[in-house]
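Where a number appears in this text, it was derived from the coordinates with a stated rule and is not lab data. Keep in mind that this is a model prediction, so the values were computed, not measured. Please note: Cβ atoms are built from the backbone with ideal geometry, for glycine as well, and neighbour counts cover all protein chains shown.
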Amino acid sequence: MSPSFDEFAAKLQEEINQDIIQTYGEKVYERWRNPRFAGCMESPTGYGRVTGSCGDTMEIFLRLENGIVSDASFTTDGCGCSAVCASVACELAIAKEPEGVADVTGEMIVQVLGRLPENDVHCAYLAAETLQAALSECMATL
Ligand code: FES
């Protein structure tokens, strides 16, 4: 008896997942499956929107309360890797003072993820640049 369509689809999906893990590593895969902090934010303290040289646009929203980033979120119309990197950028911003957020770089995002293929490193830089744009707007409100 031949496998059902559902079995075929599940096997295909598993092969795709294994390819992603092999290329990007477990940390990127997990974050891709669960991109924490995805979504818009109502009335953020700071908002950054940057279009990278790849043509993808990322947005990051920051909420500053009592001198600390209490919340952060992102949207992106870009690749899966851009969502992964923006998610890490938000995580690195939360619970930090503006000075700490200013220190977040693309290299730091790559470090959290363990590794990124050379062709995707620019996604981390776009996330860091968008975070800094959102931080600039926060600073303007202080
Ligand atoms: Fe544009 Fe990843 S390819 S952000």
Could you give the distance between the Cα centres of segment 86-142 and segment 1-31, to the whole Å?
29
Rounded to the nearest 500 deg cm²/dmol, what is the calculated helix-only ellipticity per residue at 222 nm for the chain, with -39500 (n - 2.57) per DSSP H run of length n ≥ 4?
-17000 deg cm²/dmol
Starting from the Cα of R33, step 7 Å along the direction of its Cβ; do the same at D103; then give the gap between the two resulting points in nm.
3.2
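Between E7 and C40, what is the FRET efficiency for a Förster distance of 25 Å, r being their Cβ-Cβ separation, to the nearest 0.05?
The pair E7/C40 has a calculated efficiency of 0.05.
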Report the FRET efficiency, 1/(1 + (r/R0)^6), for I68 and N17, where r is their Cβ-Cβ distance and R0 is 25 Å, rounded to 0.05.
0.10
Grab the Cα-Cα distance for M139 and E118, subtract it from 0.36 nm times how many residues apart they are, and report the gain in nm with one decimal.
4.3 nm
